[in-house]
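Down below is the structure, laid out as structure tokens.
The values are calculated or read from the model by the stated rules, or taken from the named source; none is laboratory data. The structure presented is a predicted model; accordingly, all values stated were derived computationally and were not measured. Neighbour counts are summed over all protein chains in view; Cβ atoms, including those assigned to glycine, are modelled from backbone coordinates with ideal geometry. The area values use the complete protein model at the heavy-atom level, side chains included, leaving out ligands, DNA and RNA. Shrake-Rupley method; radii C 1.70, N 1.55, O 1.52, S 1.80 Å.
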Amino acid sequence: MPSFDIVSNIDHQKLDNAINTARKEIVNRYDFHDSKTTVEFDKKTLAITIVTENDMRMKAIEDILIGRAVKLGIDTASFNFGKEVYASGSMIRKDIVVKEGVEQEIAKQIV
């Protein structure tokens, strides 16, 4: 009986490079001048945390991250965009979880 293996891994170094390049681009963009925007990446949990002032900047940051990931060959379907949460003051926070592997229910359907 034939068998096959499904591998769904992300290259962690490419992901880290994409996030660092996106950070540099955000710092150099005119519309983010004097902004309190932060983009953090937790390598253990593969979670990206974005904190910024408004929805327009949040959307721009998401577009920058997706663009950089595509240029480095990272599948953007692995990004699980969470909901925007209003943090302290006028800041907005969004968590993006990078999925690796196949969920158990989907694996059962494949088998």
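Is the C-alpha gyration tensor of region 56-111 telling us rounded, prolate or oblate? Criteria: a/c under 1.5 is rounded; beyond that, a/b larger than b/c is prolate, otherwise oblate. Oblate, since a/c reaches 1.5 and b/c is not below a/b. On full extension, the segment bounded by Asp16 and Lys36 gains 5.1 nm, given 0.36 nm per residue less the C-alpha separation. Considering only alpha-carbon pairs that sit under 8 angstrom and 6 or more positions apart, the relative contact order computed for the chain is 28 percent.
Remark: relative contact order (region 23-79) = 21 percent; criterion is Cα-Cα distance under 8 angstrom and separation of 6 or more residues.
Cβ under 9 Å from Ala18's Cβ, Ala18 left aside: what net charge do those residues give with Lys, Arg +1 and Asp, Glu -1? Computed value for this residue: +2. Once the Kirkwood radius over Cα pairs is known for the chain, the Stokes-Einstein relation at 37 °C and 0.692 mPa s delivers a diffusion coefficient of 214 µm²/s. Each Lys or Arg adds one and each Asp or Glu subtracts one; over the other residues with Cβ under 12 Å from the Cβ of Ala87, this totals 0.
Averaged over its residues, region 1-88 has an accessible area of 69 Å² per residue, based on protein heavy atoms and a 1.4 Å probe. Where the accessible area of the chain is counted over protein heavy atoms with a 1.4 Å probe, how much of it, in %, is carbon and sulfur? Of all accessible area on the chain, carbon and sulfur atoms account for 52 percent.
Distance between the modelled labels on Tyr86 and Lys44, one decimal in nanometres: 3.2 nm (7 Å Cα→Cβ projection). From helices alone, the chain scores -12000 deg cm²/dmol at 222 nm; the rule is -39500 (n - 2.57) for each run of n ≥ 4 DSSP H residues, then divide by the residue total.
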